[in-house]
Amino acid sequence: MPEIKIHIGGRDFDVVCKDGEEEFLHSAASMLDVEATALNTAMGRIPESRMLLMSGLMLADKTASLEDQLAAAAREKEGGQLAHEVSAEMDKLKVDLDAANTKASDAEKALADKVVEMATVEADLKATLETMERMVTALEEKGA
């Protein structure tokens, strides 16, 4: 197991890690060093255990915040998919509504044509009835 030296908050530490994890350990130590340096800058030199505890808590807080953001992004993505599906369904309903409106308009025109046709038939029937009434009157006058 390799032993490596890391630098955190102005202090050096010798640590051991598994083979192949050296790069990860250096990266993690670098993140902890950023937090420890910020603490040392803000508070001055503090005891090693307190510096490491506070730095670790600050990293844990950042990690929790990133996890919350990741979860929110996942929910948004799910919501985004749902919004996409709802939008697609709304588009389909709009097409269906347009088709129904076209059918209704066509039916309205056909009905108006039928009303005109019926009015013509009614007028023809009235004229025929009047003619027949005149004929009946004429026949009655001849026969009477």
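Can you find a residue in segment 18-25 that is closer than 11 Å to Ser55 by Cα and within 46 Å of the chain's Cα centre (by Cα)? No.
Here Thr37 fulfils each of the conditions (1) within 25 Å of Lys5 (Cβ to Cβ); (2) open to solvent by less than 60 Å² (accessible area, probe 1.4 Å) apart from (2).
Only one of the numbered conditions (1) assigned to a helix (DSSP H, G or I); (2) at pLDDT 90 or above is violated by Ile4, and that is (1). Looking at the structure I just gave you, is Lys77 within 30 Å of Gly9 (Cα to Cα) and open to solvent by 80 Å² or more (accessible area, probe 1.4 Å)? For Lys77, the condition - within 30 Å of Gly9 (Cα to Cα) and open to solvent by 80 Å² or more (accessible area, probe 1.4 Å) - is not met.
Of the residues making up segment 8-27, those that are open to solvent by 40 Å² or more (accessible area, probe 1.4 Å) and of a type in the set (Lys, Arg) number 1. Scan segment 96-107 and give yes if some residue there is open to solvent by 90 Å² or more (accessible area, probe 1.4 Å) and under 30 Å from Leu32 (Cβ atoms), otherwise no. No, segment 96-107 has no match at all. Condition test on Ser65, is it among the hydroxyl-bearing types (Ser, Thr, Tyr), surrounded by 10 or more Cβ atoms within 10 Å (Cβ to Cβ) and in a helix (DSSP H, G or I)? Judged against the criteria, Ser65 is a match. Going by the conditions given, is Gly44 open to solvent by less than 50 Å² (accessible area, probe 1.4 Å) and on the phi > 0 side of the Ramachandran plot? In short, yes. Against the test of being surrounded by 10 or more Cβ atoms within 10 Å (Cβ to Cβ) and within 46 Å of the chain's Cα centre (by Cα), the options Ala112, Ala138, Ala119 yield a single qualifying residue, Ala112. In segment 8-32, the residues that are at positive phi form Cβ pairs under 6 Å with partners that are open to solvent by less than 40 Å² (accessible area, probe 1.4 Å), at six or more places apart or across chains, as follows: Gly9/Ala36; Gly9/Asn40; Gly9/Met51.
The values are calculated or read from the model by the stated rules, or taken from the named source; none is laboratory data. This structure is a prediction, so every number in the text was calculated from the model and none was measured. Cβ atoms come from the backbone with ideal geometry, glycine included; neighbour counts cover every protein chain shown. SASA here: full protein model, heavy atoms, side chains in, ligands and nucleic acids out. Shrake-Rupley method; radii C 1.70, N 1.55, O 1.52, S 1.80 Å.
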